[in-house]
Amino acid sequence: MQQTFTPNDIVAYLYGESTPAQTRATEAALAADPVLRGELTELTQTQASLPRVRFGARRRLLSVVRNYAFGPDLQLSV
């Protein structure tokens, strides 16, 4: 059975967000499919053309978010 790859699969591979198994499958498919390699090249070029954004949140805001996330007030409701 041949696996098909979606743009999301290729983007996950590009950003290093795929699982090791997904990475191996993607690399095998890239080695065998010139069309898929072309799509990866296009996405890589698009990624390179995006402006670089720096996140600079205030320390107090980060502290509040961290305290909330790890504090006793966080309750999961099901």
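The values are calculated or read from the model by the stated rules, or taken from the named source; none is laboratory data. Fair warning: this is a prediction, and the values are worked out from it, not measured in the lab. Cβ: placed from backbone, ideal geometry, glycine included. Neighbour counts: every protein chain shown.
Just need a number here: residues in segment 35-75 that are surrounded by 10 or more Cβ atoms within 10 Å (Cβ to Cβ) and not aliphatic (A, V, I, L, M).
Counting residues in segment 35-75 that are surrounded by 10 or more Cβ atoms within 10 Å (Cβ to Cβ) and not aliphatic (A, V, I, L, M) gives 12.
Quickly run through segment 1-39 and pick out the residues that are part of a loop (DSSP other than H, G, I, E, B) and at pLDDT below 90. If you could, list the steps in order and put the result at the bottom.
Pass one, segment 1-39, residues part of a loop (DSSP other than H, G, I, E, B): 1-6, 15-19, 33.
Listed by number, the residues that qualify are Met1, Gln2, Gln3, Thr4, Phe5, Thr6.
Can you run down the residue pairs with Cβ atoms below 9 Å, 6 or more apart or on separate chains, where the first is in segment 5-22 and touching a residue at least 12 places away in the same chain (Cβ under 8 Å) and over 18 Å from Gln45 (Cα atoms) and the partner is assigned to a helix (DSSP H, G or I) and of a type outside the set (A, V, I, L, M)?
Correct list of pairs: Phe5/Tyr13; Phe5/Thr26; Phe5/Glu39; Gln22/Asp9; Gln22/Tyr13.
Name the pairs: first residue in segment 50-63 and under 21 Å from Tyr15 (Cα atoms), second residue exposed (fewer than 10 other Cβ atoms within 10 Å of the Cβ) and of a type outside the set (Gly, Ala, Ser), Cβ to Cβ under 7 Å, at least 6 apart or on different chains?
none
Out of (1) over 14 Å from Phe5 (Cβ atoms); (2) assigned to a helix (DSSP H, G or I), what's the single condition that is false for Glu42?
It is condition (1) that Glu42 fails.
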